[in-house]
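The values are calculated or read from the model by the stated rules, or taken from the named source; none is laboratory data. Here the structure is a predicted model, which is why all the values come from computation and not from measurement. Here Cβ is always computed from backbone atoms with ideal geometry, including for glycine, and neighbour counts include all displayed protein chains.
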Amino acid sequence: MSRLNMHMNHVANHRPEFHAVAFTDVSKLYGDKIALDRVTVHIAHGEVIGLLGPNGAGKTTLLEILEGLQEPSSGLVSIFGKRPALLNPGERGRIGIVFQRYALPSELTVGQLCDLYQHMYPADPDKQGLITQLGLAHLLTQQIGDLSAGQTQRLSIFAALYGDKSLLVLDEPTSALDVRSRRAVWDALLLRKQQRNFSGVIATHHMEEAMELCDRIYFIDNGKIRMSGNAQELLQQHACRISIKFTAPAWLVEELKESLPADAPLTLHGQQHMISCASHQAAGLIGAILLLEQTNGLRLNLVVTQPSLEDVYLSVIAN
């Protein structure tokens, strides 16, 4: 390929119309507070990305800018090649949204809302299948205002998925759901993705959710993108490190700290202490912990694991 063609491909790949969504060098300020700091995120057609970050990291601000509820302080944002504020009603109708603050009409019944969406999107033949898959069939006669948080969330997901949607914008879409309901929502999203090939952005705290649903994952903290890639790429970047977890009294932990390498920090992980070490250090550290266990007659519940996406996330967000 010639240098001219390579340059033209590079330019094309950064033009907004070549992406379903393009955030380019976007910042958002609230007075002196920086909510987003020069964020660049491009979502290809048919691609679903995940946003992982702590509370206050900037996830919801990014989604609200995408929906057009807020304007960026600087930078460029486009959906289907247009600024969000310039989308026409038909283009907006192709976007399915689930925010943490639900905006469903409380006086309608579940069945009435589903019928309304069928009237709005008559070309979608699978209303009953989606109702059943999301566990809404027994709620059709109930008023929306009387639903539980989890039931309302599942109905919001129905509203976001139903119809000819090209883009989904989901802010913690399963936060109020139990394990079985969460899995049902994942299955519904994956099936619709296979059928419709929509694009999407999902802000979530669930690592498993991001791995199940997302083609690429972005770690965001303090308004900045810290790392991105698909799950395999993110894990490979930390594949050379091993996690050693154990429980121990404070005095033994202090004794162990004296023998730790500088690049193998000891942290608290839930109820366990954790050492993140290079793979070539693991055997020596495991031996030292087992010796302390034997010498002091203790059971330290030693667990050795390869890094998970959660480990990668914690190491990135902590830095």
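The figures follow:
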{"read-out": "Qualifying positions in region 65-110 - of a type in the set (A, V, I, L, M), part of a helix (DSSP H, G or I) and within 18 Å of GLU172 (Cβ to Cβ)", "value": "ILE65, LEU66"}
{"read-out": "Which numbered condition LEU161 misses (of (1) touching a Pro at 6+ places or on another chain (Cβ under 9 Å); (2) under 30 Å from GLY53 (Cα atoms))", "value": "(1)"}
{"read-out": "Extreme residue, surrounded by the most Cβ atoms within 10 Å (Cβ to Cβ), among residues of region 228-241 that are assigned to a strand (DSSP E or B) and at negative phi", "value": "ARG241"}
{"read-out": "Matching residues, region 89-132, being free of Cβ contacts under 8 Å to residues at least 12 places away in the same chain, under 14 Å from SER156 (Cβ atoms) and not aliphatic (A, V, I, L, M)", "value": "ARG101"}
{"read-out": "Count of region 66-81 residues which are more than 16 Å from GLY200 (Cβ to Cβ) and either of a type in the set (Phe, Trp, Tyr) or without any contact (Cβ under 8 Å) to a residue 40 or more places away in the chain (or both)", "value": "3"}
{"read-out": "Residue within region 253-274 that is free of Cβ contacts under 8 Å to residues at least 60 places away in the same chain and either on the phi > 0 side of the Ramachandran plot or under 14 Å from the mean Cα position of the chain (by Cα) (or both) present", "value": "yes"}
{"read-out": "Residue check, ILE244 surrounded by 13 or more Cβ atoms within 10 Å (Cβ to Cβ), closer than 30 Å to LYS28 by Cα and β-branched (Val, Ile, Thr)", "value": "no"}
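Here's the yes/no breakdown for (1) modelled with pLDDT of 95 or more; (2) surrounded by 15 or more Cβ atoms within 10 Å (Cβ to Cβ); (3) in contact with a strand residue (DSSP E or B) (Cβ under 7 Å, 6 or more places away or on another chain):
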position	(1), (2), (3)
LEU69	no, no, no
ARG83	no, no, yes
PRO89	no, no, no
ARG92	no, no, no
VAL98	no, yes, yes
TYR102	no, yes, no
THR109	yes, yes, yes
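Here is a yes/no grid of residues against (1) aliphatic (A, V, I, L, M); (2) at pLDDT 95 or above; (3) under 23 Å from the mean Cα position of the chain (by Cα); (4) under 19 Å from GLY229 (Cα atoms):
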position: SER2; (1), (2), (3), (4): no, no, no, no
position: ASN5; (1), (2), (3), (4): no, no, no, no
position: MET8; (1), (2), (3), (4): yes, no, no, no
position: THR24; (1), (2), (3), (4): no, yes, yes, yes
position: LYS28; (1), (2), (3), (4): no, yes, yes, no
position: LEU36; (1), (2), (3), (4): yes, yes, yes, no
position: VAL39; (1), (2), (3), (4): yes, yes, yes, yes
